[in-house]
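Chemist: The structure that follows is given in the form of structure tokens.
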Amino acid sequence: MGQFGNITDLPRASAHIVVVPLRSFDSAKSRLRDAGTTDVAGIAERLARAVLEHCAPLPVVVVCESDDIEQFAIANGASVLRSPNAGLNNAVSHAYDELTMLCERVSIVHGDLRFPEGLGQFEPPSTITIVADRHGTGTNILSLPSGLSFHFHYGQNSAIHHRREAERLGVNVATVTTSPWRFDVDVPEDLSIPETNGGPSAPHSLGTAL
């Protein structure tokens, strides 16, 4: 078993566990830094804290590579799994394998969602559910049953690759394209999207599934 921080806090045989991969806030969001955005570390931390908060009451495991993120996760009520290898795909694969015996379903949620409200009530509409980013190409949330031989493909056009992976396994898959969770933060303009697109003032909905 991997080295969890407070693994004893995780309920055994959970129906659904959320995995949030996080990298050190001091090195996160390179495109914001390159564009001259100030206090990028603070922005990344505030986004991640909101995601962890809104995942309640589902149990959350933060997968990370650094001491500072481990301490942040525990301080915000999450369990921790240290990834033995660098890179998002390696981290997520490791967490998915480690959690297979502890739950029926794993949802991988990015820690930079602008409007994370409702994550704790997430009910996937299909066996594998992909919540795409606002461009329809990235994967902001990927929810799947535990125990599959699923190959993760985070990176360019990940939503398409994850859909093809589900089809390879012969598992029903839905791609959600209009959820408020489609808004993540990569570039400065992502910070100025109005709340009417999915924030607290807008009705929460999973949106359209294809």
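Chemist: Beta carbons within 10 angstrom, averaged per residue: use that to sort the peptides 174-184, 116-126, highest first.
Modeler: Ranking, from highest mean packing down: 174-184, 116-126.
Chemist: Further question on the same structure: Could you work out the relative contact order of segment 7-197, using alpha carbon pairs under 8 angstrom and six or more residues apart, expressed as a whole percent? Spell out each step's value before the answer.
Modeler: Working: 357 pairs, mean separation 44.8, N = 191.
It comes to 23 percent, rounded to a whole number.
Chemist: Okay, next question. R0 = 25 Å: FRET efficiency of SER30 with ALA56, Cβ-based, nearest 0.05?
Modeler: About 0.25, to the nearest 0.05.
Chemist: So what's the net charge close to VAL173: Lys and Arg +1, Asp and Glu -1, counting the other residues with Cβ under 11 Å from its Cβ?
Modeler: That works out to +1.
Chemist: Using DSSP, restrict attention to beta bridges with both residues in the chain and report what percent are antiparallel, rounded to the nearest 5. Each step should come with its number before you reach the end.
Modeler: Values: 12 of 29 bridges.
Percentage antiparallel, nearest 5: 40.
Chemist: Output the peptides 77-84, 65-72 sorted from most to least packed, where packing is the average of other Cβ atoms within 10 Å over each peptide's residues.
Modeler: 77-84, 65-72
Chemist: Here is a further query. Expressed as a whole number of Å, what is the distance separating the alpha-carbon centroids of segment 168-192 and segment 89-138?
Modeler: The two parts, judged by their Cα centres, are 10 Å apart.
Chemist: Expected output is a single nm value to one decimal: the length gained when fully extending between ASN85 and ARG164, i.e. 0.36 nm times separation in residues minus the C-alpha distance. What is it?
Modeler: Taking 0.36 nm per residue and subtracting the Cα distance, the gain is 25.9 nm.
Chemist: Per residue Cα convex hull volume for segment 54-152, in cubic angstrom?
Modeler: Here the figure is 114 Å³ per residue.
Chemist: What length, rounded to one decimal in nm, is gained on full extension from MET101 through to ILE193, with 0.36 nm per residue of separation minus their alpha-carbon distance?
Modeler: 29.2 nm
Chemist: With Rg and Dmax of the Cα atoms in Å in mind, check (i) 16.0, 46; (ii) 16.8, 50; (iii) 18.0, 68 and report the label derived from this structure.
Modeler: Label of the calculated value: (i).
No value in this document is a laboratory result; all are computed from the given coordinates. Small disclaimer: the values here were computed from a predicted structure and weren't measured. So basically every Cβ, Gly included, is an ideal-geometry build from the backbone, and we count neighbours across all protein chains shown.
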